Amino acid sequence: MATQSMDTPLPSGDSMRGFTFALSAYLLWGVLPFYMKAVAHIPTGEVIAHRIIWSVPVAAAILVWLGRTADIRTALATPRTLAMAALTAALISINWGIYIWAIASDRAVETALGYYINPLFSIFLAAVLLGERLTRAQWAAIALAVLAVAVLTWDSGGLPWVSEAIVKVAIDGEERMSVAEGHGPVNALDIALRKDLGKYQSEIADLELADFKVRILNGGTEAITRVLIESHDATGARWWTVGVSENIIDASFQALMDSIVFKLMKNREMAGLVAAE
């Protein structure tokens, strides 16, 4: 009696259909940031709520079209299926909450990096938990995806971590507090500092953080952090400031404040030259 080997490849129909669905989903996700940016003024929770509410009639219509309405009754009668559905819904809500917030916060590059990593993680789970074997072509595709992740990570300056900075400054005896999120502590501090400087705000409107470098000196328990900030403005001028401290926050604050002070002094010098003419 003939036996079928376990290594016999499965029919390609389901694979091609799955590939088509996956490709369509990723194409939609690729253009979705344009829509999400257009509704960035709406709170994230409200956007998620609309997605949940409007997904119900759409999903119901698809089930009716496929003739699978009986699956709903079966799922509702199975506690394990309900529990898995609730867990899945919670995870998807968290995923979408982060996605919507990231687009609204001008972090589309980090979002793209996350969605590049996502299929790699899925393949890892399939190989480890399900014991699936990959062909040479599949390994080549994975290598390209890993290369894309590496390029995006290098270009963005690191993995997509989010930092929040709260800055309180006193201007002419009046205290002002700003809160901002950024890619790392230096970026978050820079955004928070330039949010509200009172009467000086218009003078630093064109001030931008071009680049920064962090270096740890005298490693060990007595380590010192040095932060080098590169700034520029609309005139094309560039300047560098340095902050040194025992921690990166103080060092970054020193360098960023010196950059703002230099910008203000530069504006006054230019104003003086114009007046002299």
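Taking Leu256 as meeting all but one of (1) of a type outside the set (Gly, Ala, Ser); (2) free of Cβ contacts under 8 Å to residues at least 60 places away in the same chain; (3) under 15 Å from Val186 (Cα atoms), write down the number of the exception.
(2)
Condition first: assigned to a loop (DSSP other than H, G, I, E, B), out of contact with any Asp or Glu (no Cβ under 7 Å at 6 or more places or on another chain) and assigned by TED's automatic domain parsing to the domain that holds Pro119. Can you find one or more residues in the range 72-88 that meet it?
Step one: of the range 72-88, the residues assigned to a loop (DSSP other than H, G, I, E, B) are 77-78.
Narrowing the set further to residues that are out of contact with any Asp or Glu (no Cβ under 7 Å at 6 or more places or on another chain) leaves 77-78.
This time we only want the ones that are assigned by TED's automatic domain parsing to the domain that holds Pro119, so: 77-78.
Yes, there is a match, as at least one residue in the range 72-88 is assigned to a loop (DSSP other than H, G, I, E, B), out of contact with any Asp or Glu (no Cβ under 7 Å at 6 or more places or on another chain) and assigned by TED's automatic domain parsing to the domain that holds Pro119.
Condition check ((1) in a helix (DSSP H, G or I); (2) modelled with pLDDT under 85; (3) more than 34 Å from the chain's Cα centre (by Cα); (4) of a type in the set (Lys, Arg)) across all residues:
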residue	(1), (2), (3), (4)
His41	no, yes, no, no
His50	yes, no, no, no
Trp54	yes, no, no, no
Trp65	yes, no, yes, no
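Conditions tested, residue by residue: (1) closer than 24 Å to Lys37 by Cα; (2) in contact with a Cys (Cβ under 8 Å, 6 or more places away or on another chain); (3) at pLDDT 75 or above; (4) not aliphatic (A, V, I, L, M).
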site: Ala112; (1), (2), (3), (4): yes, no, no, no
site: Gly131; (1), (2), (3), (4): no, no, yes, yes
site: Leu134; (1), (2), (3), (4): no, no, yes, no
site: Thr153; (1), (2), (3), (4): yes, no, no, yes
site: Gly158; (1), (2), (3), (4): yes, no, no, yes
site: Ala165; (1), (2), (3), (4): yes, no, yes, no
site: Glu175; (1), (2), (3), (4): no, no, yes, yes
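Whether any residue in the range 1-19 is modelled with pLDDT of 85 or more, part of a helix (DSSP H, G or I) and small (Gly, Ala, Ser) is what I want to check.
At the first step, the residues of the range 1-19 found to be modelled with pLDDT of 85 or more are none.
No, every residue in the range 1-19 fails to be modelled with pLDDT of 85 or more, part of a helix (DSSP H, G or I) and small (Gly, Ala, Ser).
If the requirement is being more than 25 Å from Arg107 (Cα to Cα), surrounded by 12 or more Cβ atoms within 10 Å (Cβ to Cβ) and not assigned by TED's automatic domain parsing to the domain that holds Ala104, which of these qualifies: Thr241, Thr235? Can you show your working first?
Working: Thr235 fails: surrounded by 12 or more Cβ atoms within 10 Å (Cβ to Cβ).
On inspection, the qualifying residue turns out to be Thr241.
Which condition number does Val58 fail, the rest of (1) touching a strand residue (DSSP E or B) at 6+ places or on another chain (Cβ under 9 Å); (2) over 30 Å from Ala150 (Cβ atoms) being met?
Of (1) touching a strand residue (DSSP E or B) at 6+ places or on another chain (Cβ under 9 Å); (2) over 30 Å from Ala150 (Cβ atoms), only one is false for Val58: (1).
Identify, please: which residue in the range 103-124 is assigned to a helix (DSSP H, G or I) and without any contact (Cβ under 8 Å) to a residue 12 or more places away in the chain and is, among those, surrounded by the most Cβ atoms within 10 Å (Cβ to Cβ)? Talk me through it step by step, then tell me what you get.
From the range 103-124, those assigned to a helix (DSSP H, G or I) are 103-104, 108-124; that's our starting set.
From the residues that got through so far, the ones that are without any contact (Cβ under 8 Å) to a residue 12 or more places away in the chain too are 118, 121-122, 124.
Numbers: Asn118: 13, Phe121: 9, Ser122: 11, Phe124: 11.
Per the stated criteria, the residue is Asn118.
The values are calculated or read from the model by the stated rules, or taken from the named source; none is laboratory data. Being a predicted model, the structure only gives us computed values, none of them experimental. Every residue, glycine as well, gets a Cβ built from its backbone with ideal geometry; the counts of neighbours run over all protein chains shown.
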